Amino acid sequence: MTRVRKRTIAEIHESEAMVDTHPRMAGRLRLALLLAPLACDPGPAAQSVPTMSGELQRGEFEYRCAGSNDAFCQDFVAQRFPQRFAVGGFFEVAFNPSVDVVAVPAVESSAPSLLEPTSSGGVSEFRFIRPGTAGLIAVINGDEIVDYLHITAERVLSYDFSDDRGGTALTEVVIEPGELRTITVEPRGEQGQILAGTLEYAWSTDEAEVARVASQTTARSVQVQGVAPGTTRLLVEGGEVIGSVQVTVTQLDATTSSSTTGVESTGASSDASTGGDSGTDTDTDTDTDTDTDGGAR
Amino acid sequence: MRRAGALLALCLAACGPDYGGLAIEVEGAALPGDAVEPRRVSLVLGHVVRVHARPRSLSAQVYEDPKRFDLASADETIGRVYRDAEDWRWVIVARSVGTTCLEVLIDGRREECVELEVEAEAG
């Protein structure tokens, strides 16, 4: 991350005064002032950290990835500032003031019983303990507030499955015996939006003799491998909710060019109402309460 | 000499502002569930609100010096109050569920206790 330091009014006056009193230096100084921002230019390859203005308009809150399991992050870089957070998901936040302050503000939680600070070292890391709205507070010396920003968390209600062949919103994965397929999951909230924060996932299949989880991992992506013809479910648990996608293992001689399908939208309530065993759904056997009461458990 | 001093002190007291309650209102829009009134501030857990607060005076003199005025929470585990960079502005943070006192202090003297209630989020 690159930060461009703003010059104070005193520094600007000082440099202007120097130009007036030392004409020889004027050209060099002007050149230096012109080149200074270029020296800090991160270049086209650098990605900027997504920010959100504080509610007092005194700076910007930066969203940072606390791990690779955050659906908002790619290669540990957040794509945008999240609108909604997953209960239990870890994330980091920093604050860049746009006004003059005497020290670097620390980011604190308005209510630790709701938004728990889990910081280690100088990084402000948080996770929501339960659904709700809490404030991120930029504070100096523990008692001087600079700005704040409210953020909201929901429980994960469903998952979106995608694979390494470009399939999205998958309801079914079709593979052959021995074939490996990488499946990635995105946690979704009440309105179907992606929820931010790094969660840990547990993967399994109903019938390991049909398909098995080939990579033991707590990551957001997993490799599933076909074992023998048949149908089973790939299950994922993260954020206290179990989701599943149907895995169909075909005969070797019944190879199809496109073995991935998936057009249904996810949504725990719609899938649950149909009672379908296939498709992307939230496991209603264990999470009926979560689906119906908006997440309060 | 003593009489003159007493007279002067009396005059100063009579000519100064006389506390008559707290004028307080939310700056901007309040979040759902939050209510800010002169006698009672009720916030949802986790919410942060910026208020404009100024003591009213019963006399003709108003409170002009913001540094003489302070707002403080009697229990900072329930609610915390920060003085804002702008005069007469404060930021109140609802830290945990409960009720406490938002103390109105003038020249360090407690004038009033405004009830500060922090409620759990509905649902």
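Would you tell me the mean number of C-beta atoms belonging to other protein chains that fall within 10 Å of each C-beta in B:102-115, as a whole number?
Numbers: counts 0, 0, 0, 0, 0, 0, 0, 0, 0, 0, 0, 0, 0, 0.
Neighbouring Cβ atoms belonging to other protein chains average 0 per residue here.
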Quiz item: Carbon and sulfur: what percent of the range B:17-119's accessible surface (1.4 Å probe)?
Solution: 43 percent
Self-check item: Area buried, chain A against chain B - accessible surface, total, 1.4 angstrom probe, square angstrom
Solution: 1500 Å²
Self-check item: For residues of A:134-142, the mean tally of beta carbons on other chains within 10 Å
Solution: 3
Quiz prompt | Burial ranking of peptide ranges A:164-173, B:44-53, A:102-111, A:182-191 (average Cβ count within 10 Å, highest at the top) | solution = B:44-53, A:182-191, A:102-111, A:164-173
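Averaged per residue, what accessible surface does the range B:17-119 expose to a 1.4 Å probe, in Å²? Walk me through the numbers on the way to the answer.
Values: 4820 Å² over 103 residues.
On a per-residue basis, the range B:17-119 sits at 47 Å².
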Practice problem: Could you name every residue in the range B:34-62 that has 30 Å² or more less accessible surface in the full protein assembly than in its own chain alone (probe 1.4 Å, ligands and nucleic acids excluded)? | Solution: B:LEU45, B:GLY46, B:VAL48, B:ARG50
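Normalise the Cα radius of gyration of the range B:17-119 by 2.2 N^0.38 Å (N = residues in it) and let me know the number. Mind showing how you got there, number by number?
Values: Rg = 12.9 Å, N = 103, 2.2 N^0.38 = 12.8 Å.
Here the Cα radius of gyration is 1.01 times the empirical estimate.
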Quiz item: Could you give the angle, 0 to 90 degrees to the nearest 10, between helix B:2-15's Cα long axis and the longest principal axis of the Cα atoms of chain B?
Solution: 40 degrees
Quiz item: Within 10 Å of each Cβ of B:83-90, how many other protein chain Cβ atoms are there on average?
Solution: 2
Quiz item: Got a sec? Charge dipole of chain B, +1 on Cβ for Lys and Arg, -1 for Asp and Glu; which of B:VAL97, B:PRO17, B:ILE78 is way out at the positive end?
Solution: B:PRO17
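The values are calculated or read from the model by the stated rules, or taken from the named source; none is laboratory data. Not measured: the values here are computed from a predicted model. Here Cβ is always computed from backbone atoms with ideal geometry, including for glycine, and neighbour counts include all displayed protein chains. What goes into the accessible areas is simple: the full protein's heavy atoms, side chains included, and nothing from ligands, DNA or RNA. Shrake-Rupley method; radii C 1.70, N 1.55, O 1.52, S 1.80 Å.
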